[in-house]
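Down below is the structure, laid out as structure tokens.
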Amino acid sequence: MKAQFAPLFENVTLNSGVTLKNRIVLAPMTHISSNEDGTVSDEELEYYARRSGGAGMVITACAYVTPNGKGYARQFSVDDDSFIPGLKRLATRIQEKGAKAILQIFHGGRLSPASEVPNGEPVSASAIASERKGAVVPRALEEEEIIDIIKGFGEATRRAIEAGFDGVEIHGANGYLVQQFFSPHSNQREDRWGGSVEKRLSFPLAVVDEINKVVAEHAKEPFVVGYRFSPEEPETPGITMAETFVLVDALADKGLDYLHLSVNEFWSVSRRGTDDSRSRIEILQERVGDKVAVIGVGGINTADDAVKALTANVPLIAIGRAFIVEPDWVEKIQAGKEEEIVTTLTKDDQERLVIPDPLWKMIVHSPGWFPVVQEADKQ
């Protein structure tokens, strides 16, 4: 391994005491490849096993915590004890490759398709539709339902513990329910769950508190709890960096192991809410990095990209699509073969890369989602 890449392979010890073997994280990515009944499929087991040999931590695609939180077809569930055996197989396949296995848990809220939730009725903080094309108006959750969903996150965590995962990541990003409660666009409640930015924090913090309580009661060894968030929203009104500062300050005091940004470009700058011209990742690392590990992400494809990202002082770097194209990304850097890292796909690569059929179809037919797809060479 070349000396300039050695910092990528330093150990990182999180607040819980869990130590990661390096600073590379496999980012959570939707693969729509679970079984129709919400159980883990053999295809996704092989997909994760193929990509878990190098990273210090692997974060799965999101699992829904209650039936009305399902976000898309062929997503796996953690809403009932019957799913524990399949989840255990998934955790084991990741861990036997040497990585820590983290289960991302979520509720889709107003972004859940009507076809995938009970009574065809998506729910949210308020009866306000997303600005996404084709969005429907959700039903505003009642007080008792809110409490049940919070408990659902706790029960999902208990199941993750029983399945042998090393931790959970709360999906509070990408416009899903946890973010919907924090957002002034989707949350226009006038009770204890909405109003001021502090009141809009009530649901996210209640989820964190419930999960921390469950970990204290059920985990027999250190267990990781992380939180993923989107630092800004494009909508008006929407989350700004100023509001995100309130969020991360509160989360940093909760004893979490990490905060995981969700941005498309690592070095992207703020739209509004701060006059600081540095990247959002640098700003947030400086603000809370002394209390909780920050995971940076976005457009990291090569070893040089990763080393440059470390100059933002974040202890962990998440890599997503590069791991789809190059499952041996970490191993090639370790072996001094970083120049052999593959950065493009051809339409003949599915079997070699162990990519499930549904994910492969999404890649091939959605070039905007994965712009590196190329036509196979014609013989």
Segment 38-166 - Rg over Rh from alpha carbon coordinates, Kirkwood radius: 1.02
Going out from 0 in 5 Å bins, what whole percent of all Cα-Cα distances in segment 140-220 drops into each bin? 3, 15, 25, 23, 16, 10, 6, 2, 0
Rel. contact order, % - alpha carbon contacts under 8 angstrom, at least six apart, the chain: 16
Largest first, please: the extent of the C-alpha atoms of segment 70-123 along each principal axis, to the nearest Å. 41, 20, 15
Of the cross-linked pairs LYS133/LYS361; LYS308/LYS337; LYS70/LYS220; LYS2/LYS291; LYS220/LYS254; LYS21/LYS337, which ones have a Cα-Cα span greater than 24 Å in the structure shown? LYS70/LYS220; LYS2/LYS291
Taking segment 131-217, which trypsin sites (Lys or Arg not before Pro) meet the DSSP loop condition and have no more than 16 other C-beta atoms within 10 Å? ARG132, LYS133, ARG192
What accessible surface, in Å², does a 1.4 Å probe find on LEU26, ignoring ligands, DNA and RNA and rounding to the nearest 10? 0
Quote the Stokes-Einstein diffusion coefficient, in whole µm² s⁻¹, for segment 280-357, based on the Kirkwood radius over alpha carbon pairs, a temperature of 25 °C and a viscosity of 0.890 mPa s. 176
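Do any GluC sites (Glu not before Pro) in segment 160-242 lie in a loop, going by DSSP, with at most 13 other beta-carbon atoms within 10 Å of their beta carbon, and if so which?
Counting only loop positions with at most 13 other Cβ atoms within 10 Å, the GluC sites (Glu not before Pro) in segment 160-242 are GLU190.
Remind me, what semi-axes does segment 247-326 give for its equivalent ellipsoid, largest first in whole Å, using sqrt of 5 times each Cα gyration tensor eigenvalue?
22, 15, 11
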Roughly how many Å² of TRP267 are accessible to a 1.4 Å probe, to the nearest 10? 70
Debye log10 I(q)/I(0) at q = 0.13 Å⁻¹ for the chain, Cα point scatterers: -1.07
Pop out the Kirkwood hydrodynamic radius of segment 232-379 from its pairwise C-alpha distances, inverse of mean 1/r, in Å to one decimal. 17.4
For THR274, what accessible surface area do you get with a 1.4 Å probe? Give it in Å², rounded to 10. 40
Restricting attention to the alpha-carbon atoms of segment 182-283, what are Rg (one decimal) and Dmax (integer), both in Å? 14.9, 45
Apply 1/(1 + (r/R0)^6) to the Cβ-Cβ distance of LYS308 and THR236, taking R0 = 41 Å, and write down the FRET efficiency to the nearest 0.05. 0.80
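Provide the gained length on full extension for the span VAL269 to ALA127, in nm with one decimal, where the gain is 0.36 nm per separating residue minus the Cα-Cα distance.
On the way: separation 142, 0.36 × 142 = 51.12 nm, distance 3.13 nm.
The span from VAL269 to ALA127 would gain 48.0 nm if fully extended.
The values are calculated or read from the model by the stated rules, or taken from the named source; none is laboratory data. Keep in mind that what you see is a predicted model, and the values were worked out from it rather than measured. Methodologically, a virtual Cβ is constructed for each residue, glycine included, from the backbone with ideal geometry; neighbour enumeration extends over all protein chains shown. Accessible surface is based on the protein model in full, side chains and every heavy atom, while ligands, DNA and RNA are left aside. Shrake-Rupley method; radii C 1.70, N 1.55, O 1.52, S 1.80 Å.
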